[in-house]
Structures are given as C-alpha cells and as structure tokens.
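Okay, so here's the structure we're looking at.
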Amino acid sequence: MEKNVKQIVEQVIKDVEVKNPGQSEFHQTIEEVLTSLIPVLEKNPAYVDAKILDRLVEPERQIMFRVPWVDDKGEIQVNRGFRVQFNSAIGPYKGGLRFHPSVNLSIIKFLGFEQIFKNSLTGLPIGGGKGGSDFDPKGKSDNEIMKFCQSFMTELYRHIGPNVDVPAGDIGVGGREIGYLYGQYKRIRNANDQGVLTGKGLTYGGSLARTQATGFGIIYFVEEMLKEAGKTINGQTVVISGAGNVAIYAVKKAQELGAKVVAMCDSSGYIFDEDGIDLPLVQQIKEIERKRIKEYAVRKPSAKYFEGNKGIWTVKADVVIPCATQNEIDLNDAKIIVENGTFAVGEGANMPCTNEAEQYFLEKGILLAPSKAANAGGVATSALEMTQNSMRLSWSFEEVDEKLHGIMVNIFKNTRDAAKEYGFEGNYLVGANIAGFIKVADAMMAQGIV
C-alpha cells in the first residue's frame, strides 16, 4: 500500500505540473503539502478512493479580469485582476487580496492553496481563496488608488458575498484600499453587507486587534513551540524580516514578551540595531511617512543600514522570523542561519522558506513554525470580524486578543498532536499539513462528489 500511495501522490504532483505549466510557486506548495500527506492516505485509503487529492489541487473557480483605470495624468492604465476560489468545503472562501507587480496566477494559486489548510487549522468555518492584482500602490496618489480599487471591485463584486467569498487585505492592501473597495461594493450592491470584506476601518464594521493579529499570532505560536522545547522567547535575540504590518506587530509582541529584536528590512535593504529596534521610529517612517527603512539609520546614527535585504540572514540571532514574502530564505540562507546558532524559525510570511531550506532546518533539528499554522492569526481574526458583523457587535481589543491567543494555542496543540500521531513528533510542518488536511478531506467526503 505504501508504494502505491506514494506513486499516486507523485502522479497527482506530475499532473498538476502538466496542467499548470510555468506556475512554479503553485508547484512548490503542492509538492510540499502532498508529500507530507502520504502517511494519512496510507492510514485512510478512503481518501484515495474518493480522489480527494485530485479534487483538492483543482480550484473550484479561477477568475481573471481586466482592470482599466485613469491615472492623475489622464492616461488610461490597464492591470490584471485575479480571484481564485479554491475550496469551500468547510465554509465561504476566505483569503486576502494582494496588490503587487509580482502578482500572477501562480502566486495567487499558491496562496489560495495554502489558505485552505491555514483556515482549516483555525477551527473556524472558512474555506480557502486568494486574489489580487499586478497593480503597484507604491508611488500612486490616494486618488489613483481609489480609482483602481473602484474599477477592481466593479468586477469582483459579482463573485463575492458574506456567505460566498470574503476577501481581506494582504501585501499592498491595507485599511485605505479596503475602504475604497468596500465603498464601491456598497455603492454597486446598494447594500451594507459589512461582512463581505474584513480588515475594515473601525468606523464601518472593522475589528479591534485585526491590524495586530498576524504579527501577534506568529509570536503566540512561536512562544508555544519554544515552551514545548523547554525554552521561551524572553531574553532571546530575534531577527524579523519585513517592515510592513506583519513584521511591525511581530516585533511589538516579541518585545512585549522580553525578546530583543535587532534587525528588520524592506525591499531596498536592512537595518541592524544592536541596542534593539526602536519600533515607534519604524512605525513613524513606514506607516506614517511611507519612507524606506534606511531612514531609520539616518535618524538613529547608532544603527547601521545595508543595501540589499538578503544580508539580513547573516545577522546572528537565536530566533529568526521571516515576515516579508515567499521564498525569501533559500538553502544557502538556511545554512548561514544554522551556522549562526539560530535554534528556531517562525514563518511569518506565506511560504517564506523554499522547500529545500525547510528540510535543511528540520534535518539540523531547528524548531520550525510553518506559515500555515504560525501566520493564521490574521485570517482567524478576520473570521472573528465576520462574526461581529453578523451579530452587529463590536468586541473590545482585549476580547479579540484573548480569542486570538486561544486560537493560536489550539493551532499549536493540534499541529503538535497530528505530527505525533503520524510518527513525526516535533515536525510542525508535517503536523500542520496533516491537521489542516483531515478536516477539509472529511468535509469533502461528507458532501459527495461536488
């Protein structure tokens, strides 16, 4: 049975590669997830008979559309929009919108596939989806961003709804963009369906703690992982890549728990501050002034700035938390990180480590918090926002944060227990895949061939 299951999995992976040529990011996540599920399929042959994998790797719906808009110079611009509705077995599609020049179908499908398992792990009734555009908000005026968002929503509104598909923000989509998107949705639909988008402003149905949720959740998960190993983040030196929403609030929570964060980066370069990152200064530069991270070293001469963000992995740290983007840590980076004495890696971004880097960490006994589990705090709190919208209530920051912390602790426990049950104790990467998969697979089995 073992050989047959392995061959079946390999065939599904090959079929995905043939049907989706050139989609390297999508191929990467399919291989990483499916190979880890072999023990589950061996133990539960009904999943094989029902062709769960074949059905799981094919999105229920893929939507691509033109997004025309007029810039401040009066020139017509055209971008491409995406929404991939991957799996709704356990609830409405849920996943962010990413606005970035790198966005293509492969990246959206990789993110959407990951979202299936991430959302399943939260224990909340939400399915997996993802969307976005190759539009770049950087350097655009508020007026240009508004026009783009309105054009984008003029098509997207047809495919979403509080009980169908609930998008949120991601890279390039923050409170400003969500506001413009929701305003256009409301205008077209003539309906105040607050639950159709999450990450909204507090004045029109948003949730307290949503902004902090992904960053906080990562640290909550990492802390549980460290506790399991008899350690704590208190007193540890930490490197956190990125300088956006996720990274900023991961730094905040890590510092609150007693860690010393010494490095951050953006797409241009990284800063090193041996005294510990001055987070209010970073927030002033990145969130208010929207400037590059190098400005930090100008205002704090004791800090150092280095061009190019790859060098951040040469900074010695006990704990490394990549929060920037996919595949930011490759095998060479992983070797440097291990040589520097790092004992734990928390994946804050979606798939921030290549498959080779992840395997190297595991081989070397590094504690690895996989992104599906570790960065699920954002979508978990988005689901809590949906709940508040449905109930027409607004919970306090403390209430939401307490629920978030409880969800992240449960995600860790379920991940740990699944890994142990299938003979991979301490391998949270495999544990997250298995725990997320079983819930979705069982739901698909119960609902027949759909």
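See the values below:
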quantity	calculated
Count - residues of the range 303-331 that are β-branched (Val, Ile, Thr) and without any contact (Cβ under 8 Å) to a residue 40 or more places away in the chain	2
GLU307 surrounded by fewer than 15 Cβ atoms within 10 Å (Cβ to Cβ), at negative phi, in contact with a helix residue (DSSP H, G or I) (Cβ under 9 Å, 6 or more places away or on another chain) and not assigned by TED's automatic domain parsing to the domain that holds PRO137	no
Filter pass, GLY131 being small (Gly, Ala, Ser) and either crowded, with 19+ Cβ neighbours inside 10 Å or within 30 Å of ALA443 (Cα to Cα) (or both)	yes
So VAL222, is it more than 18 Å from GLY174 (Cα to Cα) and outside any helix (DSSP H, G or I)	no
Output for the range 34-60, where each listed residue is touching a residue at least 40 places away in the same chain (Cβ under 8 Å) and among the basic types (Lys, Arg)	LYS43, ARG55
Looking only at the range 1-18, and only at residues there that are in contact (Cβ under 8 Å) with a residue 24 or more places away in the chain and in a helix (DSSP H, G or I), the one that is surrounded by the most Cβ atoms within 10 Å (Cβ to Cβ)	VAL16
Selection count, the range 386-436, where residues are in a helix (DSSP H, G or I), closer than 30 Å to GLU42 by Cα and polar (S, T, N, Q)	4
Residue in the range 331-340 that is touching a Cys at 6+ places or on another chain (Cβ under 8 Å), crowded, with 16+ Cβ neighbours inside 10 Å and in a loop (DSSP other than H, G, I, E, B) present	no
Among the residues listed as LEU56, LEU41, the single one being touching a Phe, Trp or Tyr at 6+ places or on another chain (Cβ under 6 Å) and at pLDDT 95 or above	LEU41
The range 432-448 residues that are outside the structural domain of ALA46 (by TED's automatic domain parsing) and surrounded by fewer than 24 Cβ atoms within 10 Å (Cβ to Cβ), paired with ones that are of a type in the set (D, E, K, R) and modelled with pLDDT of 95 or more (beta carbon under 6 Å, 6 or more apart)	none
Filter pass, TYR270 being touching a Leu at 6+ places or on another chain (Cβ under 7 Å) and aromatic (Phe, Trp, Tyr)	no
Those residues of the range 347-370 which are modelled with pLDDT of 95 or more and part of a helix (DSSP H, G or I), in sequence order	GLU356, ALA357, GLU358, GLN359, TYR360, PHE361, LEU362, GLU363
Residues that are in a strand (DSSP E or B) and farther than 23 Å from LYS335 by Cβ, drawn from the range 262-319	ILE271, LYS304, TYR305
ALA250 touching a Gly at 6+ places or on another chain (Cβ under 7 Å), aliphatic (A, V, I, L, M) and either in a strand (DSSP E or B) or surrounded by 22 or more Cβ atoms within 10 Å (Cβ to Cβ) (or both)	yes
Counted residues, the range 176-194 - those being buried (at least 16 other Cβ atoms within 10 Å of the Cβ) and either hydrophobic (A, V, I, L, M, F, W, C) or touching a residue at least 12 places away in the same chain (Cβ under 8 Å) (or both)	10
Residues that are within 14 Å of VAL196 (Cβ to Cβ), out of contact with any helix residue (DSSP H, G or I) (no Cβ under 6 Å at 6 or more places or on another chain) and of a type in the set (Ser, Thr, Tyr), drawn from the range 141-182	TYR182
Residue in the range 55-62 that is within 26 Å of SER151 (Cβ to Cβ), surrounded by fewer than 14 Cβ atoms within 10 Å (Cβ to Cβ) and within 21 Å of the chain's Cα centre (by Cα) present	yes
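The values are calculated or read from the model by the stated rules, or taken from the named source; none is laboratory data. Predicted, not measured: the structure shown is a model, and the values here were computed from it. Cβ sites come from the backbone with ideal geometry, for glycine too, and all protein chains shown count toward neighbours.
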